[in-house]
Structures are given as structure tokens and as C-alpha cells.
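Sharing a structure with you now.
The values are calculated or read from the model by the stated rules, or taken from the named source; none is laboratory data. All values derive from a computational prediction rather than experimental measurement. Virtual Cβ from ideal backbone geometry, glycine too; neighbours counted across all protein chains shown.
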Amino acid sequence: MPKGGGAGKDVMQSGDGGNPDSSNEVRLADLWQTIQARKYRMLLGIVAALLLASAYLFLSEPLYQAKAHLMPPGREAVSRLLQFHLVNPGREMEGATFAYDDASELTDVVFRLFRKNFKSAGMRRDFFDSHNLAEHYLPAEHVSRSDRDVARTFSSLFQKRLRLHAGQRENEVVTATFLDADAEFSAVTLNRYIAYVNKMTVARLATDFNAGVRARISELQSRQLRKLGIAARKRQDRIARLEEALKIARMLSAQDLTGFYPMPRETGVNIALINEGAPLYMRGAKALEAEIKVLRERASDEPFAEGLRDLQEEEAFLEGLLLDGDKLSSVVVDAQASIPYRPARPNVAAVYVLSTILGLVLGCFLVFVPGSRVGS
């Protein structure tokens, strides 16, 4: 009996030990007991992480972020760019920027060019140098600023902190941001840079547009000169024919039309009686001399140049299309940057949340240090 009872007890123990749920419950209980016994280590890890976070926030320089919201320009701002194509359909201007026939499409093109210039490192450096921003970043006593120092300052403190956050589509509102330790400086600089990029973009657009218009005007002027030259040659040819006819008329002693048409005076012979097929000398020497004199004294051949006035009218219209840049805009500032009153970096809430998580990880490491026995 004792043997049998002992054997039954062993069987029961072996059966409980083989149950995985019972084993997991024992292990979780041991883990909880370990955490309870070493809870101060857990708190120590969290407190240490929070103290480090507080020290980081205290030592870090607060950065203020200025924001400005930008939109594509209105149709009226770019409508004049399309007039060249309306007058000259199928003709491209200098540069592919204006190869568009729809105002809405052109606004997207112009706004895309503005965004490209906004991100341009060369334009940013030009703005940085032209506005002497190195004096803001480098200390006043740093008189001898080397090119290397200025380049490093531009790259780390201006280039990286100036950003353009675009939407998913090109015609959506985009946000421009700029970070700086001086809240007022961040807002003023961002607004100035947006105005600078718009000015430079408009200047390039106007330059390309005016170059295309002037090329067309130059072509029209060349055609006008050719027409005037042809008219002048035609006048000289007419004079040569009249002089030859005058010689013949003098040789025939024909002073007027009656020398060839001896009609009674009362009939009133009209010069229109001579048709185009009749020789010129039949008009008589007086008429020929008078016409030759008038042709030689003609002040301008413009009234006699066929199609010249149409070309001059088109030239006058194109001259009215020339842009001065003030009537064009590549962006609409939906909301200018205002002075931020709360620092954007460092993010206090994010720092404390992250430090708490790291403190929990550190506390768990301190609780379950390698080499310690679970439940001891």
C-alpha cells in the first residue's frame, strides 16, 4: 500500500509538471514577485531617464518655427503670358516655359517654377549673402569671417532650417517653414525670402517672355524693311520706265495727249482714255515729266508698300505686351509668417514621453540584471 500510494503521488506530481499552463502561471508569478521586490530599481531607471531629459531640455537652445502658407497664382496674374500664343498660335516663345495654351495649366507651371526656385541652393545662398545673414549667425567679435565659416553657417543654420512642405498635388497649398533661435527673425526672414523668390521668379519669367516678344517684333521689323526696300525699288523702276518714255515723247514732239489723239477741244479728252496696254510715251512729255518729278520727291514709300500697315499694327500690339514684372506674380501668399511664441524644438512632450519609455526599458534591465535568480 505504501508503495502504491507513493507511486500515485509521484504520478500526480508528474502530471501537474507536464501542464504548460501551470508552468506559465508559476513563471509569471515569479516575474511579478521579482518586479515587486525590485520596484525601486524600476523607479530609479524612470527617474534617471526623466532627469536626463530635463537636463537636455534645459541645455538645448529653443528654436522657433515660422510658417507661411502659399498658393498658386491667380489666372489674372499670368493671363498676359498667354496673349503671345493667342496672337501667334503654334509658335513657341524663347524657352519651353510658355508652351501652354490654357491659363489654369500655366498657373501650375509658374507655381512649379516658384517652388523650384524656393528650393534652389543657389538662390538661397544669393539671398543669404545679399541680406548679410552671416552677421546674425556669427558673433559680432568674429570679424575675420572666412569663406569656410560662412559656408558652414549657411549649410547648417540656414539651408537645413528652411523647408517647403508640398502637398500631394502640385496645385495644393504648400507650407514654408523656417527655424531660428530668434522668433521675430524667423518670421521676418521667411517673409523676406518668399518675396525674394517671387521677385526673382517673376524677373526670369518676364525676361523669357519679353525675349520671345522682342524676337517676334524684330522679325516684323525685318519684314517691314524688306517691304520698304521693295517699294523703293519699284519706284526707281517706275522712274526708269517713265524717263525712257519721256525720251520717246520728246523725239516725237508730243507734249501732251492731244499729240496722239487729235480730238476737238470741246470733247474734253480724258487721260483715262489710255489703257494699260498703251505705251507710256503716248501720255505726252508734260505728264511724264510731272510724274517723274513727283516720284523723285516722294518722302516715304510706306503708303505704297503692300501689307506694311498690317505689320506695323501687329508690332504695336506686341510692344504693348512687354512685361515690366510688376504686373506678374508667381505665388499667392495665403497667410504670411507670424512671430511664433512657443518654441517648436525641442518638443517637450515628445522628449518626456520618449524618456519615460527609455526609463521603463532601463528599469527592466536593472530589475532583471544578468546573473540574478528569478524570485530570489
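Among the numbered criteria (1) touching a Phe, Trp or Tyr at 6+ places or on another chain (Cβ under 9 Å); (2) under 30 Å from LYS293 (Cβ atoms), which one does LYS227 miss?
(1)
Please tell me if SER338 is assigned to a loop (DSSP other than H, G, I, E, B), of a type in the set (Ser, Thr, Tyr) and over 30 Å from GLU172 (Cβ atoms).
Details: assigned to a loop (DSSP other than H, G, I, E, B): yes; of a type in the set (Ser, Thr, Tyr): yes; over 30 Å from GLU172 (Cβ atoms): no.
Considered against the rule, which asks whether it is assigned to a loop (DSSP other than H, G, I, E, B), of a type in the set (Ser, Thr, Tyr) and over 30 Å from GLU172 (Cβ atoms), SER338 comes out as no.
When residues of region 292-309 are filtered for being under 48 Å from the mean Cα position of the chain (by Cα), outside any helix (DSSP H, G or I) and not small (Gly, Ala, Ser), how many remain?
Qualifying residue count for the region: 2.
Please work out if ALA96 is of a type in the set (Gly, Ala, Ser) and at pLDDT below 70. Before the answer, list the steps.
Numbers: of a type in the set (Gly, Ala, Ser): yes; at pLDDT below 70: yes.
For ALA96, the condition - of a type in the set (Gly, Ala, Ser) and at pLDDT below 70 - is met.
Mind counting the residues in region 50-93 that are modelled with pLDDT of 65 or more, aliphatic (A, V, I, L, M) and in contact with a Pro (Cβ under 9 Å, 6 or more places away or on another chain)?
Matching residues across region 50-93 total 2.
Of all residues in region 239-279, which are in a helix (DSSP H, G or I) and at pLDDT below 85? Break it down into steps so the answer makes sense when it comes.
If we filter region 239-279 for residues that are in a helix (DSSP H, G or I), which is where we start, we get 239-251, 257-259, 265-267, 271-273.
Listed by number, the residues that qualify are LEU257, THR258, GLY259, ARG265, GLU266, THR267, ILE271, ALA272, LEU273.
Between LYS293, LYS286, which is of a type outside the set (Gly, Ala, Ser), under 29 Å from LEU225 (Cα atoms) and modelled with pLDDT of 85 or more? Walk me through it before giving the result.
Values: LYS286 fails: under 29 Å from LEU225 (Cα atoms).
One residue alone meets the criteria, LYS293.
Just wondering, is there one or more residues in region 200-214 that are closer than 25 Å to LEU308 by Cβ, among the charged types (D, E, K, R) and surrounded by 14 or more Cβ atoms within 10 Å (Cβ to Cβ)?
Yes.
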